[in-house]
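J.: Let me begin by handing over the structure; questions about it come next.
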Amino acid sequence: MEQKMRCPYCGEEILAVAKKCRHCGEWLDKQNEPLMPIESGHVVAHKIGLKKWMIVTPIIFFAIIIGSYLYIANHQSKANKDVLVKKSDPVINFAESENNVPEEDYQKVENTIPIQTEQEDIQSQNITNTNTEDDNSEELLILGENYEKGIGVEENHETAFYYYEKAAKTGNPSALNKLGNMYAQGKGCTKDVIKAASCYLTAAEMGNKYAQHNIAFCYWDGVGVERNRETAVMWMRRSASQGYEKAKKALKIMGFE
């Protein structure tokens, strides 16, 4: 009968002549334990390289995601600003009233100079006496608006332009702004953005918030004047400081709240 002994490593019973424990796998004679193969420097370097890539790859992946997000956000912001200065036609005809003007109105436009009719500041009247030679600027201004919009009279842009120009010559800032709108759109006259900008600037310097808003866009895109973004923001801020909501929204989109 073969002699038995207990494994000095796991304590299980094994044959006394055994060189390796069949239970725990330990070599009983360490001299007979097979040597582990020594890996070449190339293999070791390869394994280290794989470990590094396992660490670096997720970092690169997240960096790409974050970078893409920032790029898209910046591009969208730039697109919102650029839509304000697109040059298909240097006239933007926004809503006549500044009340409840959604910010999206600025983002849907195709052109550059916004038009403000100052409907909220002028109480239009049905004036039928078209032969007046009275140089009262407010009456001339009302006549011009009535003919421009066809209020109480047949719509006639040439006649509207005549009265706006007549009122503007008296130094009426509202009339100057409206005359600028007519020049900018070519309504009742030959389209002339230089004259439009000149009318806006004169009225803006007199404190008209709508003209300040309009000349700001002229400077923003260089329509009728030399392009100057700093001057554009300055005039838009002046308009906004007078409580004009469109100017406040424009500053927000331009990034100069």
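Quick note: the coordinates plus some simple rules give every number you see, no bench work behind them. Please read these numbers as outputs of a predicted model, since none were measured by experiment. Because the Cβ atoms are built from the backbone with ideal geometry, glycine has one as well, and the counts that use them run over all protein chains shown.
J.: Sorted from fewest to most neighbouring beta carbons within 10 Å, what does the list GLU226, GLU148 look like?
T.: Numbers: GLU226 8, GLU148 22.
In order of increasing Cβ crowding within 10 Å: GLU226, GLU148.
J.: Further, regarding this structure: Assuming 0.36 nm per residue, please report the length gained on full extension of the stretch PHE62 to ARG22 beyond their Cα-Cα distance. Please report the intermediate quantities before stating the final value.
T.: On the way: separation 40, 0.36 × 40 = 14.40 nm, distance 5.00 nm.
Roughly 9.4 nm would be gained on extension.
J.: So which chymotrypsin sites (Phe, Trp or Tyr not before Pro) in the range 176-257 end up in coil per DSSP with only 16 or fewer other C-beta atoms within 10 Å?
T.: Answer by residue number: PHE256.
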